[in-house]
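The next block holds one structure in the form of structure tokens; read it before the comments.
The values are calculated or read from the model by the stated rules, or taken from the named source; none is laboratory data. This is a predicted model, so every value here is computed, not measured. Cβ coordinates were reconstructed from backbone atoms using ideal geometry, including for glycine residues, and neighbour counts include every protein chain displayed. Just the protein is used for accessible areas: all its heavy atoms, side chains included, with ligands, DNA and RNA removed. Shrake-Rupley method; radii C 1.70, N 1.55, O 1.52, S 1.80 Å.
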Amino acid sequence: MRAHPLAAYPAAWTICPMRFLLAFAQGGVLSPLLPLLRETFQVGYGELGLLISMFGLSRVTMDVMAAYLLSRIPLFRLLVYGISITGIGSLLCALAPGFYWLVGARVLVGLGISMTTLAGLTVIIESTPLTAQGRANNLLEFSAIGGSAVSPTLSGLIASFIHWRAAFALGTLFVVGAFAWVIFTREALEENTRALTRKSAADDDATPTRSPPADKVGALHPQMTAILIAYLATFILSFTWSGFLSTALPLYGGEVIGVPPSTLGMVFTVGLLVDLGLLLPVGWLSDRLDYRIVLAPAMLLMAVTLAWFPQAHSLPGLLLVSIGIHTSFAAWGMPSAALARLARGGRLRRTMGMYRFLVDGAVVVAPWLIGTLIGRYSYTLPSWITATGVLLTAVLVTRGLRPARG
């Protein structure tokens with residue numbers, strides 16, 4: 001246990017439980033409610049996609065400001081600001097008198113979640129050695145998935161027995177818990193983040209400003225190719241999560257198969273628990289072997305599951321789709337682990353800022369696009385198109401995402 005990043009770096013004791021609590025308000029609380037919200041507000045599939053897309057757009061807006069925020073505001077203060085904005089947005093969701101009020105409230109939640117995710121990811125990445133990046137990134141994802149595994153079931157049950165507003169109110173309580181935890185662990189976190197800020201400033205000062213020698217330009221090209229492939233894998237994974245797990249699957253389960261919100265929440269929870277059980281072993285395997293060995297097979301499984309998804313005409317079939325896609329996401333931390341190895345020093349924060357931009361950019365595009373395609377062509381065409389994109393990305397990962405040498 002002492003070799004694990006959680007034991008070696010005390011800041012993780014703040015970041016990981018915080019991510020667990022905030023994950024409830026991030027997306028899992030919303031998925032089982034989509035059929036109810038469609039019925040309550042009498043909106044179409046495209047408008048439901050807009051509800052999720054605007055959440056992603058607000059996160060992209062925050063990501064654009066990432067470099068400025070990280071260089072001007074202490075990481076602890078970023079965490080506090082982000083949690084506060086998330087809490088306000090969650091409370092406004094519970095009070096929403098109309099659909100576009102709800103959209104605006106989710107924009108606030110997106111801004112807050114993006115701010116806390118960016119700060120937390122920076123702490124974890126910068127305080128972890130290269131040999132533990134797979135475990136560190138999957139540990140952070142383990143915390144987020146742990147919270148996400150709880151939220152769909154609780155959200156669906158509360159919506160079924162009380163009201164969908166009560167589900168958002170419970171999400172607000174989880175955010176309050178995250179705020180209390182960060183304040184409780186403030187001293188250790190502030191000490192650690194001050195050290196990271198000084199280290200980042202020293203790295204920036206030490207970065208040479210002149211162009212690299214001509215004989216090194218050729219060596220940089222494969223590294224840049226690997227970074228671009230990691231960016232593509234990041235976008236494709238996020239696109240699939242937001243377009244299918246957050247949008248297509250709950251709509252398909254609620255309206256095609258006729259699954260009630262409480263059961264729908266449990267379907268997602270089972271998949272998330274499978275993901276949760278695989279995250280730490282997959283992170284260990286990545287550090288021992290090669291992140292390509294983990295990421296490429298996971299994306300192949302994702303492509304096969306997406307292609308089969310429209311043939312799932314029953315609750316057991318929907319459960320298999322959920323388990324298949326969630327199993328693939330046990331490799332979620334691999335692109336960020338690859339980027340942490342490929343871009344160290346002064347470039348790391350800019351690289352991770354672009355990483356978050358692509359993650360959240362996919363959340364903007366995918367729900368609206370997939371929702372619109374479903375409304376026009378049903379579920380088969382968007383599933384097969386996305387499966388093809390995932391398959392091609394897996395091929396590129398196998399051939400070009402090579403570990404950094406040095």
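Some notes on this structure:
- For the peptides 388-399, 245-256, 86-97, 113-124, residues were scored by their other Cβ atoms within 10 Å and the scores averaged per peptide; the highest-first order is 113-124, 245-256, 86-97, 388-399.
- Inter-site label distance for Arg399 and Thr40 at 7 Å from Cα along Cβ, in nm: 4.9 nm
- Taking all protein chains into account, the per residue accessible area for the range 314-406 stands at 40 Å² (1.4 Å probe).
- Gain in span if fully extended, Ile293 to Ile73, counting 0.36 nm per residue against the direct Cα distance: 75.4 nm
- Estimated from the Cβ-Cβ distance and a Förster radius of 56 angstrom, the FRET efficiency linking Thr380 and Glu187 is about 0.55.
- Solvent-accessible area assigned to carbon and sulfur over the range 277-337 amounts to 77 percent, based on a 1.4 Å probe.
- Karplus (6.51, -1.76, 1.60) ³J(HN,Hα), θ = phi - 60°, over the range 98-113, in Hz, Gly and Pro reported as x: x, 5, 6, 5, 4, 4, x, 5, 5, 4, 4, 4, x, 4, x, 5
- FRET efficiency for Trp101 and Met65, using Cβ-Cβ distance with R0 set to 25 Å, rounded to 0.05: 0.50
- Whole-number accessible area per residue in Å² for the range 226-301, which is evaluated in the context of all protein chains at 1.4 Å: 32 Å²
- Model label zone, Leu315; criterion: amide N under 12 Å from point 7 Å along Cα-to-beta-carbon; scope the range 260-278: 260-267
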